[in-house]
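These notes are about the structure you will find just below.
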C-alpha cells in the first residue's frame, strides 16, 4: 500500500530528564529554590536548567540527570527503555502528563530526596504542532501517524506517532535516545510525516 508524505518535520531527540513540581523542587534543592536557565528548548517557554538530580532504582542509579523547566503541577521522569533496564524499573510508554499507575522511582537532589509512588514513564514518540500546523496538514490532536527516516544506513519508519496539538507548541518530532540511535538520527534532521 502506498503511503502519502504530507510534510517534513525536524527531529528533537529527548535525553533522560526530570520535570519537577514546586513541592519536590523544595525538597530536592531547598525551600524557595528556583531553576537556573541554561538554554531554551524547541518548545516555546521550555528550557534546560543547570540543576541535576540522581535517579535511584532497585538495581542501580543514574547520576547527573537534567531538570527541565518551568516547574509543573506534578513531577515526571522521562527515561528510555535502556535507562529503565539500568534502574531496574518497568515504566509504561505514555503521553507526557499521563502518570496514573506509572513506575515508582527515587530522586535524590543536593538538599533531600523524593520517593515517587508514580511518575516515571517512557515518552510515547510524538509530534508537537500548533492548531495552524494541524489544519494545514489535515491532522487532529491525538491522531496517530507515521514518520519515515529516508536517509542513512539505519533508515526506518516509526509508526504509532502521536500528534499533539496546542497553541503552546512548535512543530517538532520527538523521540528518545534509544529510538534516535536505532534510526541514526541527529537533532534538527528532517524526516517525513506519512499517512
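Values in this text are rule-based calculations from the coordinates and carry no lab data. Every value quoted in this text rests on a predicted model; they were computed, and no experiment measured them. Using ideal geometry, Cβ is built from the backbone for each residue, glycine included, and neighbour counts are taken over all protein chains shown.
Which FRET efficiency, nearest 0.05, do residue 36 and residue 115 yield, Cβ-Cβ r, R0 22 Å?
Efficiency, rounded to the nearest 0.05: 0.30.
Gyration tensor over the Cα atoms of the chain: the corresponding equivalent ellipsoid has semi-axes (square roots of 5 times the eigenvalues, largest first) of 31, 18, 15 Å. What the Cβ-Cβ distance of residue 178 and residue 5 gives, at R0 = 35 Å and to the nearest 0.05, is a FRET efficiency of 0.90. Projecting the alpha carbon convex hull of the range 16-123 along each direction and taking the average yields 6.2 nm².
If you take every DSSP beta bridge whose two residues both sit in the chain, what share of them, in percent to the nearest 5, is antiparallel? Mind dumping the intermediate values first?
Details: 36 of 52 bridges.
Counting DSSP beta bridges with both partners in the chain, the antiparallel share is about 70 percent.
Between residue 47 and residue 66, what length comes free when the chain is fully extended (0.36 nm per residue of separation minus the Cα-Cα distance, one decimal in nm)?
Separation in residues times 0.36 nm, less the Cα-Cα distance, equals 5.8 nm.
Descending by average beta-carbon neighbour count within 10 Å, the peptides 16-23, 152-159 line up as 16-23, 152-159, the highest first.
Would you mind computing, in nm to one decimal, how far apart the modelled labels at residue 106 and residue 157 are, each placed 7 Å from Cα along Cα→Cβ? Computed distance between label sites residue 106 and residue 157 equals 4.6 nm.
DSSP finds beta bridges in the range 16-123, and of those with both partners inside it, around 70 percent are antiparallel.
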